[in-house]
Every structure is written in structure tokens, then in C-alpha cells.
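Okay, structure first, notes after.
What follows is calculated from the coordinates using simple rules that are stated; it is not laboratory data. Every value quoted in this text rests on a predicted model; they were computed, and no experiment measured them. Positions of Cβ are backbone-derived with ideal geometry, glycine not excepted, and every protein chain shown enters the neighbour counts.
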Amino acid sequence: MKVLLFTGLGALFFSYYWDDNFDPGECLVGEGAGVGEELAYHYARLGSHLVLTAHTEALLQKVVGNCRKLGAPKVFYIAADMASPEVPESVVQFALDKLGGLDYLVLNHLGATPAGSRSRSVQATRWLMQVNFVSYVQLTSLALPSLTDSKGSLVVVSSLLGQVPTSFSRPYSAAKFALDGFFGSLRRELDVQDVNVAITMCVLGLRDRASPAEGVRGVTRAKAAPGPKAALAVIRGGATRAPGVFYPWRFRLLCLLRGWLPHPRAWFIRQELNVTAAAAA
């Protein structure tokens, strides 16, 4: 199978030949700075053909080298910045030229700003919407014809803040809520048109050694989850064409509380915040 994976690095594209008996739960878990890098290493071990893209070439070269050591037979990369509206088209075309088509599209790249007053400007909101939402729409639109031909899967890595709003995260939360609305609507459209493309929404929390965790350090009391396990949950969800993935699992309960018990939900959220640190940021 051919897979296009956009990671926390920027984007990762790869061709993956899936064994009929492959169980995603039995993957080896690698080490890395974020869930996107972990996804790259998981698939490299499985003999994937990779194309990576990121803003910095030095990071790309490091991950490419590690993927080769882990067994990826072919690894390509292209430096790109998803904050630029012109970039998604060239990146998808590069992947299609290298792979000849796509079976999977996994979107996980993101931009994050520190919690607090510094993240509340209109400029910060506009930038985050381009990186965390508009570029997802562009990439999906460009890749959808190939996914339709292959009856493939689209995996969208989102955040708990795209399901349950919290304090001091307005721009980031707005972009993540937009993802839920767009891809939820797209799923319904594909269904009524009898287009066999699966959409899996992944609701993740903080991951250790990931840049978003640095942005809220001292503001939230929530513990960061291990990146390798989060990546494994994403892989399993995409492989089984599940409509949704929640990691850690307790996030499913919190999302249910959003509609059923709004007051207890607000109490739980407040316990995770260091309000004094956030107000001073």
C-alpha cells in the first residue's frame, strides 16, 4: 500500500506494503521527539518507502538516516513549510510522482503557540488556522482523487482541544474544532456518494518530547503521554479504518461529559490548569 503521512516534522510520505496478517498492535515502538517521528520509524521498520518533508533540512536528514537504519528501502525528502499556502500542492504532487498513487493519507503536522496572552492575537490565530486547518483541507482535496481510486484511508491527528474547549488556548482550539467539523462533514458526503474512503479522527493529548508540551509547560498539570504509544494507537486506528481514536482512552469519557454533564466537565478541566501561570504568560 502507498501511504502519505504528514507528521510533526512537517510531512512524511511513504509507500507501505501491508501484509494481510499484519497486526498493528504488534509493531515495534521506536524513540523520537514526537508522534510524527514515531510514526515514521514504525513504518520504516515495516519496509516502507518514505518521502519526508519538514521546515528544516537538518531535521529531515536526521530522520531519513534513522529510517534507513530501521529498514526503509527508499527514503526521499523535500523541505517545505505548511504555513505557506502554495506549499501543499507541490508537496502532494511530489509524493504522487514518487509513489504513483496513495492508499493512506495521515495528517499530523501542527503549529503551536504558548498558552497565555501571547497566543491570543489575530496574527497568531491566522497563522495557526493556516498550518493546523487550511493546509489540512488543501492536502486532503489534492490527495482525495488518488485515495478514491485506491479505496484508501484518511487519518487525521487532532487534539482533545478540538473536542473540549479549555482556557488560554483559543486560536489552537479553534483550529482543532474546525478539523472536527470539516472532516465530520466530509465523512458524511463520502458516505452519501458511496465513495469508499475511510476517515479516522484521532484525539490525542500531550505527548512527551513534543513541541506542544513545551508551549504549555507550567500551565497545565496534565501528564504527557508516551509518544511511541500514541503513534501506535494512530497506526491501529488507520489500519482498522476506525472512525475515531482516543489516546489516552479516558479522553473518550471526557468528550462524552461535554454534552451530558457540562458542570463536572468544567471542574475536571480546571483541575488540570495552573491559572496563575497561564494568566502571567
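Things worth noting here:
- Highest average first, the peptides 46-58, 152-164 ordered by how many other beta carbon atoms sit within 10 Å of their residues are 152-164, 46-58.
- For L50, nonlocal amide neighbours, meaning residues 5 or more places apart or on other chains whose placed amide H falls under 5 Å from its own, are S15, K74, V75, F76.
- Given K98/K151; K98/K229; K69/K229; K62/K229; K62/K176; K69/K176, the pairs whose alpha carbons are separated by over 25 Å: K98/K229; K62/K176; K69/K176
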